[in-house]
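Taking it in order: structure first as structure tokens, then the write-up.
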Amino acid sequence: MEVLHYSPWDSVLEITKVAQEKGSDPFLWAIQVSSKLNSAGVSLPSLELANLLVQYICWENNVPIAWKFLEKALVLKIVPPLLVLGLLSIRVISYRRSCPAAFRLYMELLKRHAFALKEYTNLPNDDKIMNSLDAIIHFSRIFGVRSNKAGALLVQFVFSIIWQLVDTLLDDDGLLHLTPEKNSIWHTKPQEMEIDSPNNFDEKRIEHTERLLNLNTIMSVELIGQFLQNKVTSRILYLARQNMSTHWGKFTQRVQLLVENSSALRNSTVTTRKVFRQLISDSCKTLSQHFWGSSLQEFHALEQSRPLGTSASFCLGASRSALWLPLDMLLEDAMDASQVNATSAVEIITGLVKSLQAFNETSWHEVFLGLWMAALRLVQRERDPIEGPIPRLDSCMCMLLSITTLVVADLVEEEETASTDEIACGIVSKHQAAGKRRMDLIFSLQNLCGYQSLLTPPQAVITAANQAAAKAMMFTSDIHVDSAYFECVNIADMPINCSGNLHHLIVEACIARNLLDTSAYFWPGYVNGRINKLHQNVPTHMPGWSSFMKGSSLTQLMINALALTPASRYIRCSFFIDFEKSKELNLSS
């Protein structure tokens with residue numbers, strides 16, 4: 001076995017110094033370093049390399065190219081990003097005045113890496129990384145919470161990072177002495193660096209430094225605002241509030257000082273004081289569960305002005321459906337072809353639904369029921385349309401079966417994705433993260449069958465509704481037929497009443513979006529009975545639009561069948577759903 005005369009860390013330092021002198025490409029430097037460490041048997045990401053690089057920069061090599069090397073190491077994950085951020089916090093924050101450029105770069109790294117917690121908490125040595133962070137920042141000792149679980153340490157780490165930024169702003173504004181403790185519990189007290197070069201007293205350099213200090217203050221405010229509004233970090237703050245109430249009280253006192261006195265917060269064009277007020281208000285619990293997005297901020301003023309009691313119970317004697325009147329108005333606006341929005345209808349409706357849910361303080365069961373009923377009312381207003389150059393019934397059916405279904409899918413996915421993030425971080429268990437919105441969706445669809453006047457299909461949709469009901473009846477009767485069977489058979493020839501309504505089409509749309517499974521066919525009252533045998537003259541497997549959309553080959557027999565039978569509205573809506581799916585996949589890729 002070959003004996004190494006130098007430790008791999010000596011070699012890494014030598015590679016870094018040479019690359020710095022030559023101005024080498026950071027990517028090539030990272031490849032060299034990772035190759036050297038791999039050959040030495042060092043597992044990546046390396047905690048030791050993170051310590052080495054931060055020590056190298058602070059402060060003998062505080063130059064742009066060294067920071068570029070560090071950033072490339074973070075991007076390629078040869079160092080743990082969260083550990084690097086923790087190491088920089090205890091070294092850079094206290095020197096933010098004498099080294100404002102370094103503090104600026106630290107905040108840029110926070111922006112890029114502090115909001116990708118799911119990605120960075122799945123690293124092989126996650127527990128070791130979090131324990132190393134605790135040994136550096138001592139947050140478990142400061143908070144008085146002893147835990148070796150990575151999820152609990154992650155909550156404390158994120159809370160400590162935000163608290164450090166808040167204390168930094170208070171100190172720079174001369175407000176820290178107004179806190180009960182008179183100082184910070186973190187290493188945020190400014191430290192002066194020895195200055196030997198006379199160039200540091202140059203007037204232009206001083207002016208540049210002052211300008212950078214002011215920009216850093218503004219960026220600190222905006223960065224805190226991002227932490228408060230980000231879906232994952234806002235949930236982590238909620239957990240900190242629930243489990244560290246004493247320290248949360250001290251933290252909110254500091255935030256209150258910022259709201260009342262900070263000129264940077266007052267003058268910020270990106271982050272408003274409303275965001276900070278929401279953090280310290282009693283409504284924090286509600287808002288943190290549903291993502292403090294811009295739509296909720298717009299509704300904050302309305303929430304402040306509403307009368308005593310919840311708005312859900314203050315309907316002036318009207319039906320509770322009045323709560324969802326804004327949805328009816330928005331759906332009508334979405335049908336207006338003369339208006340072109342920069343944001344998709346799905347995103348606009350989703351934002352309004354979330355805002356109404358928070359404002360009305362209603363359950364998600366009521367939310368989904370109100371959304372379905374608003375879409376059904378839209379269809380019923382067009383059940384006997386005046387056919388003109390632009391008939392609206394097909395568009396209304398797409399709004400019901402495609403757009404509304406996509407909105408519901410986004411709302412369900414949002415909760416389940418957030419729960420997956422928390423499970424990955426160890427914040428909650430799988431049992432705690434059960435999809436409540438999905439269950440509320442199921443209950444809303446089961447209750448929807450009680451509104452028969454809204455579910456009556458327009459004349460042009462009756463055939464598709466009957467086919468959907470027949471499909472469910474076939475399934476519950478354990479009769480397996482090709483989907484094209486329903487395109488060729490006359491429902492009147494079925495041995496039992498298979499009349500369907502819009503409820504059957506909505507359930508089929510939800511099954512297509514994987515929001516439901518075929519167990520919905522067994523809901524009480526969903527089908528009218530069982531079928532013992534099929535019509536003898538029609539084969540159970542035949543070519544048609546349904547089998548073609550499921551991937552059947554385009555044979556001559558299939559071409560003839562497609563030419564003879566126009567695609568039904570239901571098929572066109574299904575195609576629209578598949579088209580929306582493909583757009584989502586293309587955007588995500």
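The values are calculated or read from the model by the stated rules, or taken from the named source; none is laboratory data. Just so it is clear, the model here is predicted, and its values are computed rather than measured. All Cβ positions, even for glycine, are placed from backbone atoms using ideal geometry, and neighbour counts span all protein chains on display. Ligands, DNA and RNA are stripped out before the accessible areas are found, and what is left, the full protein with its side chains, is counted by its heavy atoms. Shrake-Rupley method; radii C 1.70, N 1.55, O 1.52, S 1.80 Å.
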Hey, among Ile403, Ile442, Ile491, Ile511, which residue is β-branched (Val, Ile, Thr) and modelled with pLDDT under 85?
Ile491
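So, Asn261, is that one over 23 Å from Phe143 (Cβ atoms), crowded, with 17+ Cβ neighbours inside 10 Å, at pLDDT 85 or above and not hydroxyl-bearing (Ser, Thr, Tyr) or not? I'd like the intermediate steps shown before the answer.
Details: over 23 Å from Phe143 (Cβ atoms): yes; crowded, with 17+ Cβ neighbours inside 10 Å: no; at pLDDT 85 or above: yes; not hydroxyl-bearing (Ser, Thr, Tyr): yes.
No, not satisfied.
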With the condition kept exactly as written, say whether any residue in segment 259-272 is aliphatic (A, V, I, L, M) and more than 28 Å from the chain's Cα centre (by Cα).
yes
May I ask you to verify whether Ser98 is in contact with a Lys or Arg (Cβ under 9 Å, 6 or more places away or on another chain), open to solvent by less than 60 Å² (accessible area, probe 1.4 Å) and over 23 Å from Leu49 (Cβ atoms)?
no
Considering segment 159-180 alone, what residues qualify as being without any contact (Cβ under 8 Å) to a residue 40 or more places away in the chain and either touching a strand residue (DSSP E or B) at 6+ places or on another chain (Cβ under 9 Å) or part of a loop (DSSP other than H, G, I, E, B) (or both)?
Gly174
Filter result (closer than 23 Å to Pro100 by Cα, aromatic (Phe, Trp, Tyr) and open to solvent by less than 20 Å² (accessible area, probe 1.4 Å)) within segment 18-72
Trp67, Phe69
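Among the residues of segment 326-376 satisfying the criterion of being among the charged types (D, E, K, R) and open to solvent by 40 Å² or more (accessible area, probe 1.4 Å), which is modelled with the lowest pLDDT?
Here the residue is Asp336.
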Does segment 121-138 include one or more residues that are of a type outside the set (Asp, Glu), crowded, with 19+ Cβ neighbours inside 10 Å and outside any helix (DSSP H, G or I)?
yes
Test Leu87 against the stated conditions and say whether it is surrounded by fewer than 16 Cβ atoms within 10 Å (Cβ to Cβ), assigned to a helix (DSSP H, G or I) and among the hydrophobic types (A, V, I, L, M, F, W, C).
no
